[in-house]
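Enquirer: Have a look at the structure that comes next, please.
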Number of protein chains: 2
Amino acid sequence: MTTIISSTPIRNGIDTAQVYGTLDVLRAQPEAARFEFRVRNRWIDGTHSRSTIHGFWGAGAEDVSRAEPFVVDASEPPVLFGQNEAPNPAEYLLHALAACLTTTLVYSASARKVRLTEVTSVFEGDMDVRGCLGLDDAYRNGFTQIRGTFTIKGDAPAEKLRAIVENAQKRSAVFDMVSNGVPVAITAIAE
Amino acid sequence: MTTIISSTPIRNGIDTAQVYGTLDVLRAQPEAARFEFRVRNRWIDGTHSRSTIHGFWGAGAEDVSRAEPFVVDASEPPVLFGQNEAPNPAEYLLHALAACLTTTLVYSASARKVRLTEVTSVFEGDMDVRGCLGLDDAYRNGFTQIRGTFTIKGDAPAEKLRAIVENAQKRSAVFDMVSNGVPVAITAIAE
């Protein structure tokens, strides 16, 4: 009898055994797939605000894995009337997009048994601020386009590595949201 | 002859004289309205990546106001195969949205001579992770919807304060991008 010893399930820092176990749980209990993420924001002064990020609903329960909340500031540079207290919101959107595609491609590579040695990316967004400053409605408020360039290295042929980047675009939550949009409902309570 | 001394142009931490001066410059030199924001991201391990945010193009020149880059991490909680090294990308998208609407409504209030005393908000996004985990294509990868609730206080009637929140949705760059989507072009370089 031959004993087959499986290689370690940790690949690229992802516990693939945990991933496959989670997928099995979600197949059996699809209601566990419902997540609700949350951010609380408070204006500080001028262009400066601060978000607190702590709990979320997911896997059938309120998550309690974070002992302390994350605190993340946003502001603007002087040319947009702030004092560089933090990155600006449009830069955070690019960060969210870059990070989500990166995490998604690492999941994808791990599932395909590819060991990655480097993943870097540069994201750029073009904006004409005549839109958001209310000077000319011919210009939209946000970016007209976003360009992202990944450099990816690992123990697979270049074609397979490029396919992993391609596949990440089909599964990334933030890529979907930024590419396709999401309905946003805003309520205001004034006192 | 009566001398009219204007009140201080600083309102809610926004230098409204600078704002109006900038609008005049952009009317005279519309090419100065072109901005390009950038983020560089590097995968660290597992779900963990790190963005560096430094220069940008705007107001007709490469911005040099930031002596040091901002460094912002992203990761995932254990239930999504990370170790809570940082907020996750979907939470950063909510942060970007909350912060952009907040800054935009502070600009708007300042232009309307309203002094704000408090602006807080809670943002929530609903996701069924069967989409992004590749279990069921009936579910999209990103949020199906986002809800934001602002509490706003200041020296104006409740109706005017609510109108300021309403107006922010017409001018916020990130609200536009998240609501309507942006074309994203991804390139992969594999070595």
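Enquirer: Just one of B:ALA173, B:ALA99, B:ALA156 is more than 29 Å from A:GLY60 (Cβ to Cβ), surrounded by 17 or more Cβ atoms within 10 Å (Cβ to Cβ) and more than 7 Å from every other protein chain (Cβ to nearest Cβ); which is it? Outline the logic, then answer.
Expert: On the way: B:ALA173 fails: more than 7 Å from every other protein chain (Cβ to nearest Cβ); B:ALA99 fails: more than 7 Å from every other protein chain (Cβ to nearest Cβ).
When all the criteria are applied, what remains is B:ALA156.
Enquirer: Another one. A:TYR20 passes all but one of (1) part of a helix (DSSP H, G or I); (2) within 28 Å of B:ALA17 (Cα to Cα); (3) not acidic (Asp, Glu); which number fails?
Expert: A:TYR20 satisfies every listed condition except (2).
Enquirer: Every residue in region A:78-96 that is small (Gly, Ala, Ser) and either open to solvent by 20 Å² or more (accessible area, probe 1.4 Å) or more than 7 Å from chain B (Cβ to nearest Cβ) (or both), please.
Expert: Hit for region A:78-96 is A:GLY82, nothing else.
Enquirer: Given the conditions (1) free of Cβ contacts under 8 Å to residues at least 12 places away in the same chain; (2) open to solvent by 10 Å² or more (accessible area, probe 1.4 Å); (3) within 30 Å of B:LYS113 (Cβ to Cβ); (4) not aromatic (Phe, Trp, Tyr), and given that A:ASN41 satisfies all but one, which numbered condition is not satisfied?
Expert: Exception for A:ASN41: condition (2).
Enquirer: Return only the number of the condition from (1) buried (at least 17 other Cβ atoms within 10 Å of the Cβ); (2) more than 18 Å from B:GLU85 (Cα to Cα); (3) in contact with a strand residue (DSSP E or B) (Cβ under 7 Å, 6 or more places away or on another chain) that A:LEU26 does not satisfy.
Expert: (3)
Enquirer: Let me ask another. Select from region B:119-136 the residues that are more than 7 Å from every other protein chain (Cβ to nearest Cβ) and farther than 20 Å from B:GLY181 by Cα and list them in ascending order.
Expert: Initial filter on region B:119-136 (more than 7 Å from every other protein chain (Cβ to nearest Cβ)): B:131, B:136.
Within region B:119-136, B:ASP136 is the sole residue that qualifies.
Enquirer: Tell me, which residue of region A:44-61 that is at the interface with another protein chain (Cβ under 7 Å from one of its Cβ atoms) and open to solvent by 10 Å² or more (accessible area, probe 1.4 Å) is modelled with the highest pLDDT?
Expert: Going through region A:44-61, the residues at the interface with another protein chain (Cβ under 7 Å from one of its Cβ atoms) turn out to be A:45-47, A:49, A:51, A:53, A:58-59.
Within this subset, residues satisfying the condition of being open to solvent by 10 Å² or more (accessible area, probe 1.4 Å) are A:45, A:59.
Numbers: A:ASP45: 98, A:ALA59: 94.
Residue satisfying both the conditions and the ranking: A:ASP45.
Enquirer: I'd like the full set of residues that are assigned to a loop (DSSP other than H, G, I, E, B) and touching a residue at least 24 places away in the same chain (Cβ under 8 Å), limited to region A:55-67. It would help to see each step written out before you state the result.
Expert: Just the residues of region A:55-67 that are assigned to a loop (DSSP other than H, G, I, E, B), to begin with: A:55-56, A:59-60, A:63-67.
Selection gives A:ALA59, A:GLY60.
Enquirer: Sticking with this one: Checking B:PHE70 against (1) without any contact (Cβ under 8 Å) to a residue 24 or more places away in the chain; (2) buried (at least 21 other Cβ atoms within 10 Å of the Cβ); (3) closer than 23 Å to B:ILE14 by Cβ; (4) among the aromatic types (Phe, Trp, Tyr), which test does it fail?
Expert: Of everything listed in (1) without any contact (Cβ under 8 Å) to a residue 24 or more places away in the chain; (2) buried (at least 21 other Cβ atoms within 10 Å of the Cβ); (3) closer than 23 Å to B:ILE14 by Cβ; (4) among the aromatic types (Phe, Trp, Tyr), B:PHE70 misses just condition (2).
Enquirer: Out of everything in region B:176-190 that is in contact with a helix residue (DSSP H, G or I) (Cβ under 7 Å, 6 or more places away or on another chain) and open to solvent by 10 Å² or more (accessible area, probe 1.4 Å), what residue ends up being nearest to A:ASN41 (Cα to Cα)?
Expert: We begin by selecting, within region B:176-190, every residue in contact with a helix residue (DSSP H, G or I) (Cβ under 7 Å, 6 or more places away or on another chain); these are B:177-178, B:181-182, B:184, B:186, B:188, B:190.
Okay, now just the ones that are also open to solvent by 10 Å² or more (accessible area, probe 1.4 Å), so B:184, B:186, B:188, B:190.
On the way: B:VAL184: 27, B:ILE186: 31, B:ALA188: 35, B:ALA190: 39 Å.
Going through the qualifying residues, I end up with B:VAL184.
The values are calculated or read from the model by the stated rules, or taken from the named source; none is laboratory data. For clarity, every value in this text was computed on a predicted model and none was experimentally measured. Here Cβ is always computed from backbone atoms with ideal geometry, including for glycine, and neighbour counts include all displayed protein chains. These area figures cover heavy atoms from the full protein model, side chains too; ligands, DNA and RNA do not enter into them. Shrake-Rupley method; radii C 1.70, N 1.55, O 1.52, S 1.80 Å.
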